Amino acid sequence: MTNMAATATQPALNRTYPGRFGNIVFGGAAWTFAILVLILLAGVMISLVIGAIPAFKQFGLQYIWTEAWNPVKERYGALAPLYGTLVTSFIAMVIGVPTSLGIAIFLTELCPNYLKRPISTAIELLAAVPSIIYGMWGLFVLAPLMQKYIEPAIISTLGNVPGIGAAFQGPPYGIGLFTAGVILSAMVLPYMVSIMRDVFETVPPQLRESAYGLGATTWEVVRSVVLPYSRVGVIGAFMLALGRALGETMAVTFVVGNSYHIATSLLAPGSTISASLANEFAEADGMQLAALLANGFLLFALTFTVIGFARVMLMQLEKKYG
Amino acid sequence: MSSTVVRTLRQATFGALAVVAFAGAAHAVDITGAGSTFVYPVAAKWAEAYKVKSGTSLNYQSVGSGAGIKQIEAGTVDFGATDKPLEADELKKNDLVQFPAVIGGIVPIVNLPGINNGDIKLDGVTLGGIFLGTIKSWDDPQLVKLNPGVKLPSTPINVVHRSDGSGTTYNFTYYLGAVNADWQAKVGAATAVEWPTGVGGKGNEGVSALVQQTPGSVGYVEIAYALQNKLTYTKLMNADGFFVEPKLSGFQAAAANADWAAVPNYRLVLANQPGKDSWPITAATFILVHGKQTDTAKAKSVLGFFDWSMNNGQQIAQDLLYVPLPDKLVKMIETTWTSDIKSSDGKPVWP
């Protein structure tokens, strides 16, 4: 009886307020999904902190700047993986930023039409390669090449320069922080290129054409018109790439050398936070597990800082130039 | 009227499904296990053969020894598998019974041009020295003294170790600790240690790739991996002072000569066992099951699987370069089952 009554009234309701019920459902769902992101983030953060508490209790804040990783004696410190994470990402950006800028400028300003599509597709395909494939390629193909040709060349040239020479000395292992940085640069390149290409294309043709009309060269147009117009997007692209480089796991684990010692040379093996997690999580328990979770928390904080820093920078840029 | 028909039909279908599900459950009690990646290839083959024979299927998650221990402690699987045997108090705390299931070997591998399998002889002092970083070059006087007649190059030694936590590393470092006092004092034994020198490769494949790429490298891998990938292994001095090659018979000798009865809970690491043929870095994988079983049929099913594997699965194990347990040890293990594994009414589950 009651069922029948309900079904009888519903169509009438719908007739009076067309679409209203659907609207409520849609709005509610959208709200729920948006809030879900916040809950998820808070959940990850809280569980990382809870898991990491034993490590911070045991070692204190100096955990962050201690260089130690000894599961037998249960002494841990995050400095070596933290250093490796920053250095590999830095190398990736040093190689990736100019390369991706060059590719994006070429694609939007210089590229003949018949080449545009093949290059763009190739870039998009690079982004679609799973990171484990980059890792295996790095280990089996790139590492031997680095060891036989590239690293010896670097050691015999840059290694002799006074001052910075120390960063390019030692035996050519083929794997290490430098190789990891090179692989990372290849992995973040497609992200930077495709975002930058898109923002460069938003530059109004009138601006570009009038600059050319005034007799500006391509370089002058890029420097004085395209880049200033799209700087927010370009910096956003760099930050997105940096965030990805900081957290990249599988490919780095294969080629970084996985040593918890900080060496002066960039060619020496090192470790990163995500590589330490990937390597040891399955077999870890007790304090080792807490230390790994503490590393995870530090990576979280690091990425958060990078994104926050990017936001602040973008806001200041917008204030400055309107 | 029509809704009644639908309801009846629905109930009938549900009932039929329940009967099917129940019949399936009664037919064979499926078992689950988790842990050691080392034992996975042979466990998978055993499971396949045992399924054909008995209808019981095994779902084994090869997630690593540490995770396997956690899962059996939590009771989410029927058995756990670990390369590192547990201590008596850990077993007691979680009411676990431990026994070995299969044996394998770990070998040092080298990459030196012109050097073939077994050309180089190493002992505990030199192997430990190499991995400690105190022996830095292949023409070090200590190595030359051990290897008269072998042309050792002056290449620097490039040490390669596992980067991931691993039972292989546990057994290798345990061996180094047993034969080299310096190693025991400075590094010790664990699934991951603070390596004094060298680079880390992920998994057996990572270690062997790094060794193969760099002349002058030395690393350690499971024997199956070394043979399949044609890596150059060395001879090692065993506890009785003989230089031996890594062979299945050598691993079996180590397992047979080990005094299993002398240690409670089979808590025996097979490194550096006596006997003139024994290979010094032999390792066992251990199975963990609960001592008090609430589901007797399931417990019978788990033990039945291992009973069949240890008594009938030897050929399968050998094909995959594992060493089956010696018969004497299998009998001992089955006696342990009878005395230590009880159903909830206190009666032994096995046989």
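The values are calculated or read from the model by the stated rules, or taken from the named source; none is laboratory data. What you see is a predicted model; the values in this text were computed from it and never measured. Methodologically, a virtual Cβ is constructed for each residue, glycine included, from the backbone with ideal geometry; neighbour enumeration extends over all protein chains shown.
Hey, does segment B:194-205 have a residue that's aliphatic (A, V, I, L, M), on the phi < 0 side of the Ramachandran plot and more than 11 Å from chain A (Cβ to nearest Cβ)? Looking for residues that are aliphatic (A, V, I, L, M), on the phi < 0 side of the Ramachandran plot and more than 11 Å from chain A (Cβ to nearest Cβ), one finds none in segment B:194-205, hence no.
Considering (1) outside any helix (DSSP H, G or I); (2) surrounded by fewer than 24 Cβ atoms within 10 Å (Cβ to Cβ); (3) touching a strand residue (DSSP E or B) at 6+ places or on another chain (Cβ under 8 Å), the lone condition that B:Ile287 does not fulfil carries the number (2). Residues in segment B:33-49 that are in contact with a strand residue (DSSP E or B) (Cβ under 7 Å, 6 or more places away or on another chain) and crowded, with 23+ Cβ neighbours inside 10 Å were compared, and the one that is farthest from the other protein chains (Cβ to nearest Cβ) is B:Val42.
Scanning segment B:62-94 for residues that are more than 17 Å from A:Asp285 (Cβ to Cβ) and touching a strand residue (DSSP E or B) at 6+ places or on another chain (Cβ under 6 Å) turns up B:Asp78, B:Phe79. Checking A:Lys57, A:Lys73 one by one, the residue that is within 14 Å of chain B (Cβ to nearest Cβ) and either of a type in the set (Lys, Arg) or surrounded by 12 or more Cβ atoms within 10 Å (Cβ to Cβ) (or both) is A:Lys73 and no other.
Yes/no per residue for (1) at pLDDT below 90; (2) touching a Leu at 6+ places or on another chain (Cβ under 7 Å):
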residue: A:Pro130; (1), (2): no, no
residue: A:Ile133; (1), (2): no, no
residue: A:Met136; (1), (2): no, no
residue: A:Leu145; (1), (2): no, no
residue: A:Tyr149; (1), (2): no, no
residue: A:Ala153; (1), (2): no, no
residue: A:Asn160; (1), (2): yes, no
residue: A:Ala167; (1), (2): yes, yes
residue: A:Pro171; (1), (2): yes, no
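For segment B:136-152, the condition holds for no residue, the condition being that it is crowded, with 24+ Cβ neighbours inside 10 Å and either under 16 Å from B:Phe38 (Cβ atoms) or without any contact (Cβ under 8 Å) to a residue 24 or more places away in the chain (or both). The residue that is farthest from the other protein chains (Cβ to nearest Cβ), counting only those in segment B:161-177 that are of a type in the set (Gly, Ala, Ser) and either closer than 23 Å to A:Ala251 by Cα or surrounded by fewer than 20 Cβ atoms within 10 Å (Cβ to Cβ) (or both), is B:Ser166.
If I filter segment B:232-253 for residues that are free of Cβ contacts under 8 Å to residues at least 40 places away in the same chain, over 29 Å from B:Pro113 (Cβ atoms), surrounded by 19 or more Cβ atoms within 10 Å (Cβ to Cβ) and more than 14 Å from every other protein chain (Cβ to nearest Cβ), do I get at least one hit? Yes: segment B:232-253 contains one or more residues that are free of Cβ contacts under 8 Å to residues at least 40 places away in the same chain, over 29 Å from B:Pro113 (Cβ atoms), surrounded by 19 or more Cβ atoms within 10 Å (Cβ to Cβ) and more than 14 Å from every other protein chain (Cβ to nearest Cβ).
Kindly indicate whether B:Val125 is within 14 Å of another protein chain (Cβ to nearest Cβ) and β-branched (Val, Ile, Thr). Spelling it out, it is not the case that B:Val125 is within 14 Å of another protein chain (Cβ to nearest Cβ) and β-branched (Val, Ile, Thr). Among the residues of segment B:181-229, those that are closer than 15 Å to B:Asn171 by Cβ, of a type in the set (Val, Ile, Thr) and either outside any helix (DSSP H, G or I) or in contact with a Cys (Cβ under 6 Å, 6 or more places away or on another chain) (or both) comprise B:Val187, B:Thr191, B:Val193, B:Val221. Filtering B:Gly104, B:Gly129 for residues that are of a type in the set (Gly, Ala, Ser) and within 19 Å of the chain's Cα centre (by Cα) leaves a single hit, B:Gly104.
Name the single residue, out of those in segment A:243-259 being touching a residue at least 60 places away in the same chain (Cβ under 8 Å) and surrounded by fewer than 24 Cβ atoms within 10 Å (Cβ to Cβ), that is farthest from the other protein chains (Cβ to nearest Cβ). Step by step, filter segment A:243-259, then rank; the result is A:Gly243.
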